[in-house]
1. Across the range 257-271, what is the number of residues that are at pLDDT 95 or above and buried (at least 19 other Cβ atoms within 10 Å of the Cβ)?
2. Before we move on, is residue 119 under 20 Å from residue 246 (Cβ atoms) and of a type in the set (A, V, I, L, M)?
3. Could you check the range 309-342 and list, in sequence order, the residues that are farther than 16 Å from residue 160 by Cα, surrounded by fewer than 15 Cβ atoms within 10 Å (Cβ to Cβ) and either out of contact with any His (no Cβ under 9 Å at 6 or more places or on another chain) or among the hydrophobic types (A, V, I, L, M, F, W, C) (or both)?
4. How many residues are under 12 Å from residue 121 (Cα atoms) and of a type in the set (D, E, K, R) when one looks only at the range 250-276?
5. Restrict the check to the range 212-231 and report whether at least one residue is more than 25 Å from residue 325 (Cβ to Cβ), among the β-branched types (Val, Ile, Thr), in a loop (DSSP other than H, G, I, E, B) and at pLDDT 95 or above.
6. Evaluate the range 151-158: report whether one residue or more is free of Cβ contacts under 8 Å to residues at least 40 places away in the same chain, closer than 21 Å to residue 323 by Cβ and part of a loop (DSSP other than H, G, I, E, B).
Amino acid sequence: MINYDYILVGGGASGLMMAYRMSKDSFFDNKKILIIDKEKKTANDRTWCFWEKNEGEWDDVLAKTWQKIQFKSEIHSLEGSILPYQYKMIRSEKFYHKIWNQLANKTNITFVEEAVLSIHQEENSARVVTSSATFHSKVVINSIVFSDESKKQTKFPVLQQHFVGFFIKTLEDSFNNESATFMDFKIPQKGNTRFMYILPYSENEALFEYTLFSENLLPISEYETEIENYLREKNITNFTITEKEKGSIPMTCYHFWKNNSENIIHIGTAGGWSKASTGFTFKNTTKKTSKLITHLKENKPLQLFHKIDKFWFYDLLMLDILHEKNYLGSTLFGELFKRTSLHNILKFLDEETSFLEDLKILLKMPPANFIRAIFKRIF
Ligand SMILES: Cc1cc2nc3c(=O)[nH]c(=O)nc-3n(C[C@H](O)[C@H](O)[C@H](O)COP(=O)(O)OP(=O)(O)OC[C@H]3O[C@@H](n4cnc5c(N)ncnc54)[C@H](O)[C@@H]3O)c2cc1C
């Protein structure tokens with residue numbers, strides 16, 4: 001039997017961030033820690049963006065920061081400063097390297113490259129079964145989505161934030177790289193919530209992501225054609241595609257944490273850490289991994305880690321509306337950006353607003369849909 005104090009099942013963003021925090025805290029120096037992943041993440045497999053005030057702990061791996069953002073819709077368009085916030089971009093390769101470099105100094109943290117088949121709560125411990133071994137631990141911190149229970153249930157709607165992105169390079173300077181486009185809804189909506197997300201990281205390089213908040217994925221060719229159409233409309237014709245990326249992030253208020261048990265806790269997307277109304281996960285992960293470290297050190301029950309708050313309910317209303325009337329996204333976000341300052345929108349999406357501030361934002365939204373959604377949920 002192979003025993004550990006902690007096993008991190010999955011070594012992606014959240015698993016590695018947990019390992020990084022454990023490696024920096026002397027409390028864990030005499031603990032035996034194992035990370036298991038089917039592949040050791042070292043290459044660029046995704047681009048993470050998030051916002052925070054001023055300097056932050058990932059600044060040494062940033063690829064780019066913006067102090068201005070743009071929003072475009074038929075209702076309202078704007079470009080504005082978000083200071084003291086900054087919109088920050090990380091290419092995952094640098095993040096992975098930073099963490100693996102830190103872990104290289106820790107003899108108590110080891111890595112096994114294997115597919116995990118299942119995890120099990122036993123009496124007073126947890127068991128992890130991989131393709132060739134079984135491991136036991138007092139605490140299993142899991143970031144792999146093993147079941148499709150969240151998709152099958154019908155209590156909470158499940159949308160996806162799904163996208164395909166082109167990293168493009170133009171011959172001439174073509175972009176204003178001082179401003180990132182958060183959402184450009186001025187594209188055919190086709191009955192959905194569809195927008196272009198643009199990250200210009202130099203004057204002739206940018207990431208264009210054709211993004212939907214909707215239930216069903218599209219054929220890859222459709223996202224790609226839409227990006228090509230968009231670039232043509234903007235007279236960007238002389239370019240090369242240097243890289244592509246795609247993703248699909250669950251948007252749901254499903255209780256991922258209900259499967260947390262005495263010795264197993266689910267984290268990252270598998271733990272419900274992706275914000276249901278936007279899909280943003282990275283910033284949440286930086287906050288929640290810090291909290292989880294404290295929780296582990298205080299030896300508190302794992303089932304008590306997750307707490308439902310008012311933001312969960314706001315996200316639920318938004319998802320109920322978008323699930324029923326997927327075409328409304330452009331209007332809802334248009335109204336939000338028209339009537340609320342960029343600073344307050346970012347604070348609200350960061351789940352850091354007071355109840356009074358929430359009311360100021362929510363009462364400016366088109367009331368009919370929200371009141372209907374509240375009544376439907378309550379009754
Ligand atoms: C392309 C892309 C771009 C994104 N951009 C942003 C963004 O800009 N901002 C933001 O906030 N969020 C973004 N997200 C969402 C989110 O931040 C990421 O998905 C993030 O990586 C989630 O972290 P995680 O630890 O939950 O999952 P992951 O990082 O996916 O880690 C899970 C790990 O589990 C491993 N694994 C899976 N199955 C098995 C198995 N059976 N056995 C062993 N190992 C297994 C995988 O190899 C992986 O390393 C993006 C997601 C994608 C896909």
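The values are calculated or read from the model by the stated rules, or taken from the named source; none is laboratory data. Computed from a predicted model, the values in this text were never measured in an experiment. Because the Cβ atoms are built from the backbone with ideal geometry, glycine has one as well, and the counts that use them run over all protein chains shown.
1. 10
2. Here the answer is no, as residue 119 does not meet what is asked.
3. Across the range 309-342, the qualifying residues are 309, 310, 313, 341.
4. The qualifying residues number 1.
5. No, the range 212-231 contains no residue that is more than 25 Å from residue 325 (Cβ to Cβ), among the β-branched types (Val, Ile, Thr), in a loop (DSSP other than H, G, I, E, B) and at pLDDT 95 or above.
6. yes
Yes/no matrix, rows are residues, columns are (1) surrounded by 13 or more Cβ atoms within 10 Å (Cβ to Cβ); (2) within 15 Å of residue 184 (Cα to Cα); (3) touching a strand residue (DSSP E or B) at 6+ places or on another chain (Cβ under 7 Å); (4) of a type outside the set (D, E, K, R):
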{"site": "196", "(1), (2), (3), (4)": "yes, yes, yes, yes"}
{"site": "204", "(1), (2), (3), (4)": "yes, no, yes, yes"}
{"site": "207", "(1), (2), (3), (4)": "yes, yes, yes, yes"}
{"site": "211", "(1), (2), (3), (4)": "yes, yes, yes, yes"}
{"site": "214", "(1), (2), (3), (4)": "yes, no, yes, yes"}
{"site": "224", "(1), (2), (3), (4)": "yes, no, yes, no"}
{"site": "229", "(1), (2), (3), (4)": "yes, yes, no, yes"}
{"site": "235", "(1), (2), (3), (4)": "no, no, no, yes"}
{"site": "239", "(1), (2), (3), (4)": "yes, no, yes, yes"}
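Listed here are the residues, each with its yes/no results for (1) surrounded by 15 or more Cβ atoms within 10 Å (Cβ to Cβ); (2) in contact with a strand residue (DSSP E or B) (Cβ under 7 Å, 6 or more places away or on another chain); (3) farther than 30 Å from residue 34 by Cβ.
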position	(1), (2), (3)
123	no, no, no
130	yes, yes, no
139	yes, yes, no
150	yes, yes, no
166	yes, yes, yes
